[in-house]
Amino acid sequence: MTWESMRLKAGAVLAVAGGLWGGLNPLVQTLAVLMLLDFASGFLHAFGSSTVSSDASFRGMAKKAMMLVLVGAASAYNATQPLGFDAAAAVAAFFCTTEFISIVENAGRLGVPIPRPLMDALSKLNGAIGVDKKGGDDGAKSA
């Protein structure tokens with residue numbers, strides 16, 4: 001394979017990815033970024049505490065994939081049964097919140113100082129939306 005051929009193929013892949021990314025709702029884009037950051041923060045936590053587990057990591061990735069399936073399902077439902085609001089954006093916004101909470105929790109477990117007002121606000125939000133963290137989506141072994 002020549003250098004020029006590799007450049008053309010890489011350019012084609014990046015063009016398709018950019019086109020797909022640009023067509024997404026900004027909340028879905030935000031969700032995708034937060035999912036990557038949550039995965040990274042979970043891995044850093046697990047690595048820092050010597051509890052890296054491929055099983056826990058796989059469960060976390062499966063949960064994230066299911067979140068995207070639910071966003072897609074909400075979008076498909078909304079296309080056939082208009083609800084008067086963007087259901088996919090609403091579902092994505094909910095999951096953005098849970099991902100942000102998880103990132104902050106992982107940072108706190110790693111010893112990063114989290115400002116008390118932020119922790120209080122997240123604690124209230126966590127209770128209000130009923131986040132269930134039992135799935136071990138941070139790449140660490142479940143307790």
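Just so you know, all these numbers are worked out from the coordinates, no wet-lab data involved. All of these numbers come straight from a predicted model, not from anything done at the bench. Positions of Cβ are backbone-derived with ideal geometry, glycine not excepted, and every protein chain shown enters the neighbour counts.
Data table
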item: Segment Ser53-Leu70, length gained on full extension (0.36 nm per residue, minus Cα span); result: 3.5 nm
item: Viscosity 1.002 mPa s, 20 °C: Kirkwood-radius Stokes-Einstein D of the range 25-129 over Cα pairs, µm²/s; result: 144
item: Val91, Val112, Val52 arranged by Cβ crowding within 10 Å, fewest neighbours leading; result: Val112, Val52, Val91
item: Computed label-point distance, nm, for sites Lys63 and Asp120 using a 7 Å Cα→Cβ extension; result: 2.8
item: Positive dipole terminus of the range 29-125, leading residue within Cys96, Leu122, Leu110 (C-beta point charges); result: Leu110
item: Label-point separation in nm, Ala40 to Met1, each point 7 Å along Cα→Cβ; result: 2.6
item: Residue exposure sequence - Ser50, Ser57, Ser123 - by fewest surrounding Cβ within 10 Å; result: Ser50, Ser123, Ser57
